[in-house]
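The values are calculated or read from the model by the stated rules, or taken from the named source; none is laboratory data. Keep in mind the model is a prediction, meaning the values are calculated, not measured. For neighbour counting, all protein chains shown are included, and Cβ atoms are generated from backbone atoms with ideal geometry for every residue, glycine included.
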Amino acid sequence: MKKVVLLFSFIVIWCSGLNVNANSGQEEIEDAEVVILDGSKSVKVESERLDYDKNDDADFYQLNVTKAGKVTIKIDSMPLNEFSDVDISIIDKDDQVYANFTSVDPELSNNSIHAYLKKGTYFMQVNLDNIFPEDKYELMLSLNSDGLYEGEVNNSKSSANPIELNNIYQASLMADTLSSAFIEYDDESFDRDFYRFEINKDGRVQLDSAVMPDNQLKFSLWNTSGKNIWSEIRTKGANDGKMGVQFVEYLKKGTYIVCIQHEETELDYEVPYRFKITHSPVAYSEINGDNYSFGKAYEGTLLEENTHTDQDTYTIKPKEKLYITTKVKLKSTASTKVSLKINGSSSGKIAVSNKWTEISKAAVIAAKDAYTIQLSKEIGYLNPVIAYNVSSIAHPYWGKFYYAPNMLGKMKTKLTKTQFYREKGGKIIKSGTPENKNKEYKVIKKGKTFFTLSDGRLVKIKEVTFINVPSEVKNKYKLLNQMK
């Protein structure tokens with residue numbers, strides 16, 4: 001729906017533009033002179049008002065747009081004074097308005113309007129109320145299809161523009177003065193732009209956009225089943241005209257619809273914007289939270305929400321007793337806080353910045369008990385997007401010890417009193433009182449004289465019984481953590 005515009009833009013016009021004969025404007029839309037806009041050349045139309053008769057108060061031109069793009073109408077010449085108004089509109093056969101001059105500053109020579117149009121037939125209406133008889137006007141029409149553009153009408157899910165990933169699209173949101181010309185949405189009449197895109201593999205989807213300074217866009221996302229994935233996400237926009245990340249989401253393969261709208265529903269000016277949606281296949285992400293696996297790194301994001309807390313949960317139920325270590329890495333586009341719970345134990349509110357913050361926790365989980373990781377972000381406004389990475393490693397038990405790759409085996413004291421030692425200043429000294437017979441300890445290193453235990457102590461090899469970690473325990477560790 002494009003768009004009430006008084007956009008002062010400079011358009012480079014080809015010197016070899018085509019001309020439509022003078023006095024070509026027709027008073028009836030059915031008789032409109034045909035103007036073909038194919039992007040190859042600009043077209044000049046010129047006409048004059050014949051008299052004050054009510055039958056000569058408007059001129060119509062039929063615009064045959066051969067491909068989707070940006071149609072621009074520039075005033076080359078218009079007899080105006082400070083009391084004059086001009087009304088030039090782009091409409092369709094049903095009188096739906098796509099762009100419109102509401103007034104023109106006679107001191108400016110580059111007054112123009114534009115509309116992002118799909119391929120099709122439209123009409124230009126030039127109202128002549130404030131033009132005297134025999135006064136002439138000249139307009140230059142052009143189609144810019146060198147790029148990708150929004151195509152109106154796309155104000156609902158059913159009329160969403162199909163777009164390709166990894167391409168920049170140009171678009172705009174119309175001024176409120178034209179809102180009555182368009183379909184009402186949720187009992188409100190204002191411009192929203194809908195786009196449909198498809199991803200062929202599960203993965204990471206990112207939307208970047210740029211908008212004019214002091215304007216805030218909102219983004220909503222649905223799948224084609226109608227499920228609302230999130231509503232009216234608002235993130236800090238780039239006010240310098242550069243593209244900036246607005247959201248990152250992890251989605252299953254399929255077709256999705258995104259809506260872009262302005263934060264304000266009552267606009268008195270047009271808001272141009274650019275956007276791009278990119279996709280990267282990702283095997284393990286937040287969409288697999290119900291099928292969490294050990295040994296894999298899962299990517300996810302926490303987005304700003306205005307109605308509820310964004311929370312991502314990962315759950316697994318082991319079939320046997322395990323010792324589980326979990327690492328969570330967090331980073332955001334600006335300073336914020338995240339709540340983290342691992343197996344019911346809260347880490348409180350963690351401060352997060354634009355550098356990775358890492359949290360590690362370990363827990364013993366009984367067979368068939370649920371092991372859960374929860375990340376959440378509180379309700380906020382214009383909060384930054386938080387990226388995270390979650391991974392867990394499962395350690396199987398071998399007797400009373402859990403296995404880790406640094407474990408060489410275990411030893412058992414065979415003397416009634418077995419002395420332990422430590423290394424200090426390059427010397428081996430006694431550590432504590434001697435241990436009784438049949439005490440078991442985890443061994444991580446074997447030297448010529450001593451075993452090194454997991455707590456850093458040393459014990460003489462000849463005074464203990466040693467058992468290597470069985471290959472079946474090592475293989476179980478690899479199987480649990482999906483290692484080759």
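Taking the conditions (1) closer than 27 Å to LYS317 by Cβ; (2) surrounded by 15 or more Cβ atoms within 10 Å (Cβ to Cβ) in turn, LEU303 satisfies each one other than (1).
The criterion of at least 1 residues that are outside the structural domain of THR372 (by TED's automatic domain parsing) and modelled with pLDDT of 95 or more is met by the following strands (runs of 3 or more DSSP E) wholly inside region 266-334: 271-281. A single member of SER376, SER339 is hydroxyl-bearing (Ser, Thr, Tyr) and either without any contact (Cβ under 8 Å) to a residue 40 or more places away in the chain or in a loop (DSSP other than H, G, I, E, B) (or both), and it is SER339. Residues of region 350-368 include at least one that is in contact with a Ser or Thr (Cβ under 9 Å, 6 or more places away or on another chain), loosely packed, with under 14 Cβ neighbours inside 10 Å, at pLDDT below 95 and closer than 30 Å to SER231 by Cβ.
Considering (1) under 30 Å from GLN216 (Cβ atoms); (2) surrounded by 12 or more Cβ atoms within 10 Å (Cβ to Cβ); (3) of a type in the set (S, T, N, Q), the lone condition that SER335 does not fulfil carries the number (2).
Considering region 40-123, the qualifying strands (runs of 3 or more DSSP E), each wholly inside and each with 1 or more residues that are in contact with a strand residue (DSSP E or B) (Cβ under 6 Å, 6 or more places away or on another chain), at pLDDT below 70 and within 27 Å of VAL271 (Cβ to Cβ), run over 97-100, 111-117.
Put simply, of ASN166, ASN154 the only residue that is surrounded by fewer than 21 Cβ atoms within 10 Å (Cβ to Cβ), modelled with pLDDT of 80 or more and not in a strand (DSSP E or B) is ASN166. Whether any residue in region 402-413 is farther than 30 Å from THR449 by Cα, among the aliphatic types (A, V, I, L, M) and surrounded by 14 or more Cβ atoms within 10 Å (Cβ to Cβ) is what I want to check. No, that holds for no residue. Figure legend. Inter-residue proximity from region 278-302: first residues closer than 16 Å to THR326 by Cα, second residues part of a helix (DSSP H, G or I) and modelled with pLDDT of 95 or more, beta-carbon distance below 7 Å, spacing 6+ or different chains. Indicated pairs: PHE294/LEU480.
In region 28-39, the qualifying residues are those that are of a type in the set (D, E, K, R) and within 16 Å of ASP95 (Cβ to Cβ), and the one that is modelled with the highest pLDDT is GLU30.
Please go through region 179-218 and give me each residue that is more than 19 Å from SER280 (Cβ to Cβ), at pLDDT 80 or above and among the aliphatic types (A, V, I, L, M), ordered by number. Across region 179-218, the qualifying residues are ALA210, VAL211, MET212, LEU217. Once region 432-456 is narrowed to residues that are surrounded by 17 or more Cβ atoms within 10 Å (Cβ to Cβ) and more than 15 Å from ASN406 (Cβ to Cβ), the residue that is nearest to the chain's Cα centre (by Cα) is PHE450.
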